[in-house]
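The block underneath contains the structure these notes are about, expressed in structure tokens.
The values are calculated or read from the model by the stated rules, or taken from the named source; none is laboratory data. This structure is a prediction, so every number in the text was calculated from the model and none was measured. Quick reminder, even Gly has a Cβ in these numbers, built from the backbone with ideal geometry, and neighbours come from all protein chains shown. The area values use the complete protein model at the heavy-atom level, side chains included, leaving out ligands, DNA and RNA. Shrake-Rupley method; radii C 1.70, N 1.55, O 1.52, S 1.80 Å.
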Amino acid sequence: MDATLVVWILVLVVLVLFSAFFSSSETALIGSGRVKLIHLSEQGVRGAGRALRLVEQPGDLLATILVGNNLVNVMVAALATALLGPFYATLVITLVLLIFAEITPKTLATINPERFAARIALPVEIFRVLFLPVVWATTFVTDLLLWPFLGRQSIQKRRLSRQELLTAIRLGRAGAAGPGDLSFLSGC
Ligand SMILES: [Mg+2]
């Protein structure tokens with residue numbers, strides 16, 4: 001096999017791994033419960049506090065992850081098209097991205113989202129800083145587009161707080177909530 005081809009295949013593998021990282025991070029962080037993250041942070045689990053800070057800025061977080069995921073997916077598609085041509089690239093890359101970069105990593109992240117989130121919080125934070133200008137630009141445009149729906153968004157926020165409160169009560173009954181969770185409850 002041509003040495004250049006081997007290098008390009010390796011680049012493709014690395015890009016697919018990055019796509020898997022962004023997809024699993026999205027599932028883990030968006031699916032993480034604030035109360036559980038606070039609990040893990042108080043237990044001294046490394047990265048839990050950082051994951052909590054990321055989760056508390058969902059707009060920036062989603063923009064960072066989606067910028068990263070789309071960037072690498074487009075690079076994979078462009079590179080594969082150059083190597084295989086548009087027909088085979090579409091066929092192969094759709095399957096490869098679905099299996100290795102979306103479904104498998106996302107399913108893995110749902111097993112224990114808070115622990116997963118704690119592990120990937122640092123690299124996600126690094127990407128958040130790296131992508132800051134792009135994130136600002138995209139959130140500015142999306143905020144403009146979402147402006148007519150802001151009223152509805154605030155209702156959803158209230159619903160979420162209620163759900164979080166119910167989770168806190170359930171955890172408290174199970175004896176899993178620590179004294180620090182009271183500060184969360186009073187913040188509701
Ligand atoms: Mg992905």
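The number of residues in the stretch 96-119 that are more than 16 Å from the ligand (Cβ to nearest atom) and either open to solvent by 80 Å² or more (accessible area, probe 1.4 Å) or outside any helix (DSSP H, G or I) (or both) comes to 4.
Restricting LEU122, LEU130 to residues that are under 15 Å from GLY49 (Cβ atoms) and more than 13 Å from the ligand (Cβ to nearest atom) narrows the list to LEU122. Output the residue which, of all residues in the stretch 1-44 that are under 11 Å from VAL72 (Cα atoms) and aromatic (Phe, Trp, Tyr), is nearest to the ligand (Cβ to nearest atom). Out of the qualifying residues, it is PHE22. Taken as a whole, the structure places ILE93 among residues that are open to solvent by less than 80 Å² (accessible area, probe 1.4 Å), within 16 Å of the ligand (Cβ to nearest atom) and assigned to a helix (DSSP H, G or I).
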